[in-house]
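I have a structure here, written as structure tokens, and I will follow up with some questions on it.
Derivation of every value follows stated rules applied to the coordinates shown; laboratory data play no part. For clarity, every value in this text was computed on a predicted model and none was experimentally measured. All Cβ positions, glycine included, derive from the backbone under ideal geometry; neighbour counts span all protein chains shown.
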Amino acid sequence: MFYFDEINKKRVLKSSLLDCAYFTTRGFKPEDISHTEGRLIKPEQTHSDNVEFIDKKSKYPDTDGLILTNTKDTIYLRFADCTPLVFYDKKQKTGAISHAGWRGTAAGIGVKTVEKMNSNPEDIIAIIGPAISICCYEVSEDVRDKLLETVKNPAGLYNNRNVDLKRINARQLEEIGVHTIDICPYCTSCNNDIFYSYRKENGTKERHFAVLKLINSF
């Protein structure tokens, strides 16, 4: 279940399944992200399916998924309609964020992230954040078909040329054995007063964030 909270007097969205991650809302800037101990790291997103572990590097070019294994650093990725995927491995105490636009979703970036984490899918908590929903996401027939080909069972994931990116990502994860998944009900286009929407705002460069910092006691 998703609920609103505040960080540094700014509104954020959280899942009751995971304490160590949140999604920002309009007006939230990188400097508003708390990272008192370690580094604040974001990749250079390119709609790829490239996933990297956080190490001593400060830059992660051409990267749309980051895996975090330490409790000092904080990672964040940027979104405005694309689907934020947040993962936490209960056994290994590791986490990740991936950016799943239609290209990343078609390439299975969520599944690739879990595989790169070397996680047992049954140990994964997956949080699918605010993104454009099936009500507002019309695509070409070619894109629709590429997305639906990524799952064994496409039932309920499309309506003519409108597709459900959030639930396609969830279905991909379910089909490899991830059972604990929280799917955000908010559509970034319908709820453009809360989140940024690339489509609704004619290509806005503004972004909201998915943020992850691992907690020792989690």
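What is the set of long-range amide H partners of Leu77 at a cut-off below 5 Å, with H atoms built 1.01 Å from backbone N?
The answer is Ala210.
Right, something else. ³J(HN,Hα) across segment 170-176 via Karplus (A = 6.51, B = -1.76, C = 1.60, θ = phi - 60°), whole Hz, x for Gly/Pro?
5, 5, 4, 5, 4, 6, 9
A further question on this structure: Once amide H atoms are placed 1.01 Å from N in the peptide plane, what residues at a sequence separation of 5 or more from Gly101, or on another chain, have their amide H within under 5 Å of its amide H?
Thr83
Springs between alpha-carbon pairs under 10 angstrom, Gaussian network model over the chain: which of Asn70, Asn162, Asn153 fluctuates most?
It is Asn153.
Still on this model: Return, ordered by residue number, the residues of segment 165-192 whose backbone nitrogen is under 13 Å from a label point located 7 Å along Cα→Cβ of Glu122.
177-180
If you don't mind, there's one more thing I want to ask. Which FRET efficiency value, to the nearest 0.05, do you get for Leu17 and Ser58 by plugging their Cβ-Cβ distance into 1/(1 + (r/R0)^6) with R0 = 30 Å?
E between Leu17 and Ser58, to the nearest 0.05, is 0.45.
Segment 147-218 to segment 92-107: how many Å between their Cα centroids?
Distance between centres, Cα-based: 10 Å.
For a protection proxy built on the mean count of beta-carbon atoms within 10 angstrom, sort 169-181, 29-41 highest first, please.
Sorting 169-181, 29-41 by mean packing, highest first, produces 169-181, 29-41.
First select every other residue whose beta carbon is under 11 angstrom from the beta carbon of Thr69; then total the charges, Lys and Arg +1, Asp and Glu -1.
Local charge sum for Thr69: -1.
Run the quick spin-label model on Lys93 and Lys9: label points 7 Å from Cα toward the beta carbon, then report their separation in nm to one decimal.
3.5 nm
Multiply the residue gap between Arg161 and Asn191 by 0.36 nm, knock off their C-alpha separation, and tell me the result in nm, one decimal place.
Length gained between Arg161 and Asn191: 8.7 nm.
Just for the Cα atoms in segment 2-212, what are the lengths along the principal axes, largest first, rounded to whole Å?
Its Cα atoms span 49, 38, 32 Å along the three principal axes.
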